[in-house]
Structure formats: structure tokens, C-alpha cells
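Colleague: My questions will all concern the structure given below.
The values are calculated or read from the model by the stated rules, or taken from the named source; none is laboratory data. Quick caveat, the model's predicted, so the values are computed rather than measured. Using ideal geometry, Cβ is built from the backbone for each residue, glycine included, and neighbour counts are taken over all protein chains shown. We work out accessible area using only protein heavy atoms, side chains counted, and drop any ligands, DNA or RNA first. Shrake-Rupley method; radii C 1.70, N 1.55, O 1.52, S 1.80 Å.
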Amino acid sequence: MGFSQQWCNWVKGVLVSARSSVLVNGSPAFEFQCHKGIRQGDPLLLFLFLIVMEVFSCMVNKACDTGNFEGIRLPNGGLVISHLLYADDALIIGEWEKENVKVVARILRVFYACSGLKINFHKSNLNLFGVGVEEEESS
């Protein structure tokens, strides 16, 4: 994304240098190396998450640009909406086609393979709404 090598090294340094300790009876025990990256609550976490979600957004845009995914075109020649991102929520919007669902599934698999971020199915909803679609087709 055009970040300088020095900036990338700083972020990598933060990721590999994290250490933690556990409180035992109110006193800190020995320190240990964290192997899963940034700790929850780290101020850098939200910024890095936004960078990763920018990659997800680019993946969806690329699928739209190549004609593999069809978003919803707004009336009167308006723009095409394919996805909306807010905080850690993603809303993917597309034409009512089986191929669109397959493309979204592929994008999510590739995104997981590249980032390690996956869908938490306990906190997620899959809502299929079809405007002008028969009820049997949307169930």
C-alpha cells in the first residue's frame, strides 16, 4: 500500500516484541512472549485492522471491476454499491444470482488465507433479501 520499509519494520517490531504476564493472587508472574500478534486494546490494533479491511474492500472492488460480482446499481445511472464497511462489520450487497454468492464465498476464503481473519459464525448473520424475487427462491 505504499508504506515505507521503515514504517513496515516498526509495525513488525511491535508485532514480534509483545510480552505479557499473568496476575497470580494479585502479583504478576513471569513474562512470556506473545505469538499471536497485537494484544486486545492496543491502540495500533484498530489502525492495522483498517488497513486489512482496505484489502478486503479492494478484493470486492476488483471482483466488480472484472465483472465477476454484480453489485446493486442505484437509480438514474447512479453508482454501483457492492459492499459497506463499518467498524468490524461488513455488508455485501449484490444482484440476486447464484454466481454472486459463489464469488463472495471465494473472496472470503482468499481473504482468510491471506489475513488469517475469518468469520465468527456465532456473531454473524446471513440475510438473503430478494427485491422482486419469488419467496421460494429466497429461502
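Colleague: Just need the relative contact order of the chain here, percent rounded to a whole number, with Cα pairs under 8 Å and 6+ apart. Could you put the intermediate results ahead of the total?
Modeller: Values: 99 pairs, mean separation 16.4, N = 139.
Relative contact order for the chain comes out at 12 percent.
Colleague: Report Rg (one decimal) and Dmax (nearest whole number) for the chain, counting Cα atoms only, units Å.
Modeller: When restricted to Cα atoms, the chain yields Rg and Dmax of 20.2, 66 Å.
Colleague: Taking one equal scatterer on every alpha-carbon of region 69-125, how large is log10 of I(q)/I(0) by Debye at q = 0.15, 0.20, 0.21 1/Å?
Modeller: Here the Debye-derived log intensity ratios amount to -0.53, -0.87, -0.94.
Colleague: Still on this structure, please answer the following. So how do D65, D89 rank on accessible area, 1.4 Å probe, biggest first, that is with the largest at the start?
Modeller: The residues order as D65, D89, largest area first.
Colleague: Next question. Could you sort L15, L84, L79 by accessible area so the largest value comes first, with the probe set to 1.4 Å?
Modeller: L79, L84, L15
Colleague: Charges only on Cβ, +1 for Lys and Arg, -1 for Asp and Glu: so what's the dipole of the chain about the Cα centre, in debye to the nearest 20?
Modeller: Working: 12 positive and 14 negative charges, 170 e Å.
The dipole of the chain has a size of about 820 debye.
Colleague: With all pairs of different alpha carbon atoms counted, what Kirkwood hydrodynamic radius in Å does region 52-93 show?
Modeller: 10.9 Å
Colleague: Further question on the same structure: Given the C-alpha atoms of region 11-69, compute the convex hull and give its volume per residue in Å³.
Modeller: 110 Å³
Colleague: Further, regarding this structure: Accessible area per residue for the chain in Å², computed with a 1.4 Å probe and the full protein assembly in place, what is it?
Modeller: 81 Å²
Colleague: What full-extension length gain, to one decimal in nm, is calculated for L48 and S4 as 0.36 nm per residue of separation minus the Cα-Cα distance?
Modeller: So the extension gain works out to 14.3 nm.
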